[in-house]
1. Kindly provide the set of residues from the stretch 1-43 that are open to solvent by 20 Å² or more (accessible area, probe 1.4 Å), more than 17 Å from Tyr77 (Cβ to Cβ) and over 12 Å from the mean Cα position of the chain (by Cα), ordered by number.
2. Name the pairs: first residue in the stretch 58-81 and polar (S, T, N, Q), second residue assigned to a strand (DSSP E or B), Cβ to Cβ under 7 Å, at least 6 apart or on different chains?
Amino acid sequence: MDLNGLKKVNDTLGHAKGDEYICGAAECMVNVMGEYGKVFRIGGDEFAVILKRNADPEKLIASFENAVTEHFKDSRYKLTVSVGYA
């Protein structure tokens, strides 16, 4: 997973606000996927999740996207996350 638009947040609102965006996204990941696997920050605004075999990635991604939308609904910049899985 990769956060989209973090550079714009950092450049316009400052790195402290960018850190809040990173922490908020990580919180959403753990809340949605923590029961089904492990969440890792692998650098900057990039994360990896290793899921258990019984997890449904597509369902979890949809739930995660909803959680992110809700978490950042009142933020100046809406956060989106690019997600891929294999």
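1. Gly34, Glu35, Tyr36, Lys38, Ile42, Gly43
2. Here the result reads Thr80/Asn4, each pair linking the stretch 58-81 to a residue that is assigned to a strand (DSSP E or B).
The values are calculated or read from the model by the stated rules, or taken from the named source; none is laboratory data. Here the structure is a predicted model, which means the values were calculated and not measured. Note that we place each Cβ from the backbone using ideal geometry, even for glycine, and neighbour counts take in every protein chain shown. When the accessible area is computed, the model is the full protein with side chains, heavy atoms only, and any ligands, DNA or RNA have been set aside. Shrake-Rupley method; radii C 1.70, N 1.55, O 1.52, S 1.80 Å.
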